[in-house]
Amino acid sequence: TSALGFKFGVDLVKTGDVSVMVPASPKPVALDRLTILKGDLAGAYTVMDLKPQMVGADAVSYTLLVRR
């Protein structure tokens with residue numbers, strides 16, 4: 001099964017994972033570090049997976065699956 005385009009299973013979506021949208025530049029990659037500075041989700045995260053949001057042939061943003 002999938003949620004938000006991410007698959008559940010061993011080493012994929014886990015309880016506590018967060019979905020975050022970021023601009024397309026610079027292009028994120030798996031295992032990048034992301035720091036959220038304010039709010040309830042403040043902290044350091046690791047990018048586990050990413051999905052581009054496309055307009056035509058161009059990625060305009062990415063939805064990241066991140067984990068603490």
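Annotation note: Cβ proximity below 6 Å between a residue of region 19-32 that is assigned to a loop (DSSP other than H, G, I, E, B) and a residue that is polar (S, T, N, Q) and at pLDDT 95 or above (sequence gap 6+ or interchain) occurs for A24/S61.
Which of the residues belonging to region 45-68 are hydrophobic (A, V, I, L, M, F, W, C), open to solvent by 40 Å² or more (accessible area, probe 1.4 Å) and either closer than 13 Å to G16 by Cα or assigned to a loop (DSSP other than H, G, I, E, B) (or both)? Before the answer, list the steps.
Going through region 45-68, the residues hydrophobic (A, V, I, L, M, F, W, C) turn out to be 47-48, 50, 54-55, 57, 59-60, 64-66.
With the extra rule that they be open to solvent by 40 Å² or more (accessible area, probe 1.4 Å), the set shrinks to 48, 54-55, 57, 60.
Of everything in region 45-68, those that are hydrophobic (A, V, I, L, M, F, W, C), open to solvent by 40 Å² or more (accessible area, probe 1.4 Å) and either closer than 13 Å to G16 by Cα or assigned to a loop (DSSP other than H, G, I, E, B) (or both) turn out to be M48, A57.
The values are calculated or read from the model by the stated rules, or taken from the named source; none is laboratory data. What you see is a predicted model, and the numbers here were worked out from it, not measured in a lab. Every residue, glycine among them, receives a Cβ derived from its backbone with ideal geometry; neighbour counts consider all protein chains shown. Heads up: the accessible areas ignore ligands, DNA and RNA and are worked out on the full protein's heavy atoms, side chains in. Shrake-Rupley method; radii C 1.70, N 1.55, O 1.52, S 1.80 Å.
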